[in-house]
Each structure stands twice: as C-alpha cells, then as structure tokens.
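A short worksheet on the structure shown next.
The values are calculated or read from the model by the stated rules, or taken from the named source; none is laboratory data. The structure displayed is predicted, hence computed values, not measured ones. We place every Cβ from the backbone using ideal geometry, glycine too, and count neighbours over all the protein chains shown. These area figures cover heavy atoms from the full protein model, side chains too; ligands, DNA and RNA do not enter into them. Shrake-Rupley method; radii C 1.70, N 1.55, O 1.52, S 1.80 Å.
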Amino acid sequence: MTLTLWRGNQQLGELRVRASSAEERPPSRSRPPSLFAFLVPAPEGAALDGVWQTVWPREFGIGVQQSAVEVDIVAEREQRGATRVTNPGPVALEPMSPEAVAGVPWERQLTVRAADGTSYLPAQIQLGEVRYEPALYEAALREVPREALVDGSVWFVFIGFASDTEAPAM
C-alpha cells in the first residue's frame with residue numbers, strides 16, 4: 001500500500017515503511033498500531049521541519065499539540081551524549097494559554113494519506129531528520145532507501161494510530 005505524508009494540503013512525500021516495522025510487533029489488543037517509515041521527499045521540495053505532533057481525545061478540548069524535534073547529526077552523537085543535560089525532575093504545571101489549547105492550525109497538521117485518498121490523523125507522529133557526513137552515506141544506505149537520502153539528510157517518520165479502525169490497512 002502506498003502511503004504519503006501531508007501537512008495540510010501540501011504533500012511532503014512518500015512513506016517507505018521499514019520492512020521490519022510491521023514484523024517486529026505482532027498485532028496486539030493492548031497496543032494500537034504503529035509504523036516506522038522513511039520519507040522520500042516530494043519533488044516540489046516542500047520545506048521540512050522536525051516535529052512531534054500529538055492528538056488529544058476530543059473530550060479534552062485540546063487541539064493537536066506540537067513540539068520541535070532536534071536534528072540528529074550523526075557526526076555529533078558522541079559529543080552530544082557527553083554534554084546531555086539530565087532530566088531536572090518534577091516541574092510546576094502552568095496553565096495553557098488559549099493559543100496553546102487551540103493547538104496547531106489545520107494547515108500545519110501532519111496526516112497520512114492512502115493511495116485511494118483516504119486521510120488518517122495519527123494519535124501521534126514524529127518527523128525527524130538524521131544528517132550524515134558523505135563518508136557515512138554507504139553505511140546509511142544499508143537500511144535507508146537510496147531515494148530517501150537527499151543532500152546528506154534522511155527524514156524518518158514514526159506514526160502511532162489510536163486504533164486499528166483509525167489506521168490504514170498495512
């Protein structure tokens with residue numbers, strides 16, 4: 001099944017589901033369906049940003065929430081691990097502003113579409129960038145489709161659906 005990633009009405013590219021993604025976790029009633037894919041960017045060259053979006057149940061009255069996802073620069077992984085700040089522990093909760101409650105506007109929400117045009121709004125979706133040095137391209141291509149490596153970057157997508165009925169058949 002061909003799946004594409006969209007931001008509002010703009011196609012970001014085609015999702016190439018990682019072959020082992022469906023095989024790693026057999027269907028389970030206790031876990032909603034999810035998948036891991038590589039994004040082959042659309043030829044139009046839409047600007048991509050690393051984001052994590054979560055959808056809250058309607059009864060909460062909160063719109064789609066979004067946080068930034070830092071670029072993973074492979075050459076800096078070791079250095080970044082050495083300087084990583086640990087979790088500071090509990091923090092005080094603050095009330096959300098009306099803008100934060102409204103969430104991400106529709107034109108910035110990420111959705112998945114099937115070849116037949118059916119659109120799916122995942123419960124959560126993470127779009128992230130991994131940057132490679134040219135010396136590491138061949139190593140990256142052992143797992144990544146060649147067309148997904150563009151200008152030294154690979155975009156990955158993790159998608160979690162709320163239920164089997166809200167996910168494309170895979």
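For the reader, a short list of remarks on this structure follows.
- Any hit, the stretch 118-132, residues being aromatic (F, W, Y) and over 15 Å from W56 (Cα atoms): yes
- Taking every residue in the stretch 61-79 that is of a type in the set (D, E) and pairing it with any residue that is part of a strand (DSSP E or B) and open to solvent by less than 80 Å² (accessible area, probe 1.4 Å), at least 6 positions away or on another chain, the pairs with Cβ-Cβ distances below 6 Å are D72/V130.
- Condition check for V40: open to solvent by less than 50 Å² (accessible area, probe 1.4 Å) and either over 27 Å from S163 (Cα atoms) or in contact (Cβ under 8 Å) with a residue 40 or more places away in the chain (or both): yes
- Long-range neighbours under 7 Å by Cβ, at least six apart or interchain, first residue acidic (D, E) within the stretch 142-170, second open to solvent by 30 Å² or more (accessible area, probe 1.4 Å): E166/Y120
- Out of V55, V69, sole residue that is under 21 Å from L149 (Cα atoms) and either surrounded by 10 or more Cβ atoms within 10 Å (Cβ to Cβ) or not polar (S, T, N, Q) (or both): V69
- When E107, E143 are checked against the criterion of being out of contact with any strand residue (DSSP E or B) (no Cβ under 6 Å at 6 or more places or on another chain) and under 23 Å from G61 (Cα atoms), a single residue qualifies: E107.
Each row is one residue, and each column tells you yes or no for (1) farther than 17 Å from R7 by Cα; (2) part of a helix (DSSP H, G or I); (3) of a type outside the set (F, W, Y).
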residue	(1), (2), (3)
F36	yes, no, no
A47	no, no, yes
G63	no, no, yes
Q66	no, no, yes
V85	yes, no, yes
A92	yes, no, yes
P122	no, no, yes
A135	yes, yes, yes
